[in-house]
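Sharing a structure below in structure tokens format, with a few things to ask.
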Amino acid sequence: MPIFIPSSLTEATQLLSKNPDAHLLTGGTDMMVEVNFNHRHPDTVIALRNIPEFQRWNIDTASGLVHIGSSVPYATMEHGDLAKALPALAEAARTVGSPQIRAAGSIGGNLGTCSPAGDSLPVLAALDAVVHLQSESSRRSVSFAEFMVGPKRNSRLPNEIITGVSIPITNGWQGYAKVGVRNAMVISVASVCLAIHDNKVRVALGSLGPTIIRCTESENWINSIGLANIDHSLAKEFADHVRAESRPIDDHRSTAEYRRHAVGVLAARLLLRGVQK
Amino acid sequence: MSELEHYSLTVNGVERQVSDAWIGESLLYVLRERLGLPGSKGACEQGECGSCTVFVDNAAVCSCLVMAATAVGTQIATVEGLNDDGSLTDVQEAFITEGAVQCGFCTPGLVMAVHHLLDHNDSPNEQEIKEALSGNICRCTGYGRIFAAVDTVISVRKGVSS
Ligand SMILES: Cc1cc2nc3c(=O)[nH]c(=O)nc-3n(C[C@H](O)[C@H](O)[C@H](O)COP(=O)(O)OP(=O)(O)OC[C@H]3O[C@@H](n4cnc5c(N)ncnc54)[C@H](O)[C@@H]3O)c2cc1C
Ligand code: FES
Ligand code: FES
């Protein structure tokens, strides 16, 4: 049978070791587009939808971590306790595609594809999330920055399956904003996640470079000034710092110039929202 | 390249055999071309238009993005099976009476999306309705008639005459 639907992680990693050319499938919202348009011709597929721990998530207040299994769909992140614990992820999830896409598309698939426009990715970067990977013989966890190594490239080894992510809970405001050509069903032209923890700002950008960009210089600059002092004119300066750290390109979705403009607007807006000014 | 496959899918409560299929076939293709259920429409085959919307285990998804052979063991519901006896549902009736159908290509997908919305929320506000239908594209009606149909179903289900 060239299609496997394993019901445990152990079974899945063993199948992948035995079938190194197998394609891993979760929601199919990226992979089936490639299959339908003849860009991908899978001979063997391992569908991960029946692995119970991949569908689970939990909020562990003792360790201060939210764990999300790789098959959890965006629809689950949009509402309820998960959205309360991770408002930026909920906002990012709500911008993905359409309700139909959000019912099927998963965080594991977003990480598997690793597009610079992937909407969950700036959130994972800004919140210092850790990605969990497992093979038949070993398991490891890597920071998001170590995981995403290029456009649509990640450091997952061929025999590894992404099992989920752990995301630290922040004690301050967090939000996500995205620019696209319309409100529904749109891949981002520029996106920003901003989070505040221990009164320190963290910022990550999507669609503004080959990988998600964590703006450490902008963070250091604004944090040296202190959140209590932020006003509209400092927010404008912050926008310029973020623009300087972005590495946008011209492509079919936008020009680099517009992206650079938009990312500053989004970053300043989120900063002012974060400090409630 | 193509593999012969035999598997069965549960569609509208009935177990159906699928044979001689390639593993990469979408559920949309299998429903229409192999199981004789052409109600679900295919326009984009990339998740953009929603005309192929079906329920898989009660979730409204694009059948063009479901690999059919991986849907083994799920409950699949299509527009053909909304009412057991094949009669029109209140949503379908409202689409007709409100003039929400022009060419009709988007209609099956929209009918599924509206059923999904109203099964989970009996009094959605305007924003919730628009968001719930944002994955379904209609090139004919301009959506006004579709929203009118949704409002009609909401009123009728609440026992308010429309
Ligand atoms: C119409 C449409 C609109 C979209 N809009 C957006 C959007 O607004 N924002 C956005 O970010 N994305 C968008 N997407 C892309 C897609 O929905 C997301 O990337 C989604 O998160 C993919 O998840 P999936 O479960 O469907 O992945 P799949 O298609 O199942 O898999 C994607 C890739 O990841 C690999 N993979 C899957 N699971 C694992 C795993 N557990 N371990 C290792 N590898 C794995 C697969 O082999 C494949 O290469 C859109 C797609 C469509 C069709
Ligand atoms: S045919 Fe599936 S969304 Fe358009
Ligand atoms: S009625 Fe023609 S596309 Fe909607």
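The values are calculated or read from the model by the stated rules, or taken from the named source; none is laboratory data. From a predicted model like this one, the values you see are computed outputs, not experimental measurements. Cβ sites come from the backbone with ideal geometry, for glycine too, and all protein chains shown count toward neighbours.
Under the condition of being touching a residue at least 12 places away in the same chain (Cβ under 8 Å), within 14 Å of ligand 2 (Cβ to nearest atom) and among the aliphatic types (A, V, I, L, M), which residue from segment B:34-72 is nearest to B:Gly86 (Cα to Cα)?
Result: B:Val54.
Yes/no matrix, rows are residues, columns are (1) more than 30 Å from B:Cys138 (Cβ to Cβ); (2) assigned by TED's automatic domain parsing to the domain that holds A:Ala262; (3) part of a loop (DSSP other than H, G, I, E, B):
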site	(1), (2), (3)
A:Ser137	yes, no, yes
A:Glu146	yes, no, no
A:Leu205	yes, yes, no
A:Thr211	yes, yes, yes
A:Asn220	yes, yes, no
A:Ala228	yes, yes, no
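Still on this model: Working only within segment B:98-133, note down all residues that are within 16 Å of ligand 1 (Cβ to nearest atom) and among the charged types (D, E, K, R).
Selection gives B:Glu131 alone.
If only one of A:Asp240, A:Asp198, A:Asp250 is at pLDDT below 95 and over 19 Å from the mean Cα position of the chain (by Cα), which one is it?
Only one candidate qualifies: A:Asp250.
A:Gly175 fails exactly one of the following numbered conditions: (1) among the small types (Gly, Ala, Ser); (2) under 25 Å from A:Leu82 (Cα atoms); (3) buried (at least 23 other Cβ atoms within 10 Å of the Cβ). What is the number of that condition?
(3)
Out of (1) at the interface with chain B (Cβ under 9 Å from one of its Cβ atoms); (2) under 16 Å from the mean Cα position of the chain (by Cα), what's the single condition that is false for A:Met32?
A:Met32 satisfies all of (1) at the interface with chain B (Cβ under 9 Å from one of its Cβ atoms); (2) under 16 Å from the mean Cα position of the chain (by Cα) except (2).
Here is a further query. Among the candidates A:Gly28, A:Gly64, single out the residue that is away from ligand 2 (no atom under 16 Å from the Cβ), at positive phi and modelled with pLDDT of 95 or more.
Result of the check over A:Gly28, A:Gly64: A:Gly64.
Examine segment A:27-45 for a residue that is part of a strand (DSSP E or B), in contact with a Lys or Arg (Cβ under 8 Å, 6 or more places away or on another chain) and closer than 30 Å to B:Cys44 by Cβ, and state whether such a residue exists.
Looking through segment A:27-45, none of the residues is part of a strand (DSSP E or B), in contact with a Lys or Arg (Cβ under 8 Å, 6 or more places away or on another chain) and closer than 30 Å to B:Cys44 by Cβ.
Any idea which of B:Leu31, B:Leu27 is more than 16 Å from ligand 1 (Cβ to nearest atom) and crowded, with 18+ Cβ neighbours inside 10 Å?
None of the other options fit; the residue is B:Leu31.
I've got another one for you. If I filter segment B:77-94 for residues that are modelled with pLDDT of 95 or more, closer than 19 Å to B:Leu28 by Cα and of a type in the set (Asp, Glu), do I get at least one hit?
yes
Select from segment B:91-143 the residues that are outside any helix (DSSP H, G or I) and of a type in the set (Phe, Trp, Tyr) and write down the one among them that is farthest from B:Cys44 (Cα to Cα).
B:Tyr143
Let me ask you something else. For segment A:62-111, which residues satisfy the criterion of being in contact with a Phe, Trp or Tyr (Cβ under 7 Å, 6 or more places away or on another chain) and either assigned by TED's automatic domain parsing to the domain that holds A:Val179 or assigned to a loop (DSSP other than H, G, I, E, B) (or both)?
A:Ser70, A:Ser71, A:Val72, A:Val96, A:Gly105
Residues that are of a type in the set (Val, Ile, Thr), within 16 Å of ligand 3 (Cβ to nearest atom) and not in a loop (DSSP other than H, G, I, E, B): does segment B:24-32 have at least one?
No.
Would you mind stating whether B:Thr53 is within 16 Å of ligand 3 (Cβ to nearest atom), within 30 Å of B:His6 (Cβ to Cβ), surrounded by 13 or more Cβ atoms within 10 Å (Cβ to Cβ) and in the same structural domain as B:Leu28 (by TED's automatic domain parsing)?
In short, yes.
Going by the conditions given, is A:Gly118 within 25 Å of A:Gly274 (Cα to Cα) and surrounded by fewer than 16 Cβ atoms within 10 Å (Cβ to Cβ)?
In short, no.
List the pairs whose first member sits in segment A:157-175 and is closer than 16 Å to A:Ser106 by Cα and in contact (Cβ under 8 Å) with a residue 40 or more places away in the chain, whose second member is basic (Lys, Arg) and part of a strand (DSSP E or B), and whose Cβ atoms are under 8 Å apart, counting only residues at least 6 apart or on separate chains?
A:Thr163/A:Arg139
Going by what's in this entry, would A:Ala103 be described as within 14 Å of chain B (Cβ to nearest Cβ) and either out of contact with any Ser or Thr (no Cβ under 9 Å at 6 or more places or on another chain) or modelled with pLDDT of 95 or more (or both)?
Here the answer is yes, as A:Ala103 does meet what is asked.
Kindly indicate whether A:Arg40 is within 10 Å of chain B (Cβ to nearest Cβ) and within 16 Å of A:Thr163 (Cα to Cα).
Criteria not met by A:Arg40.
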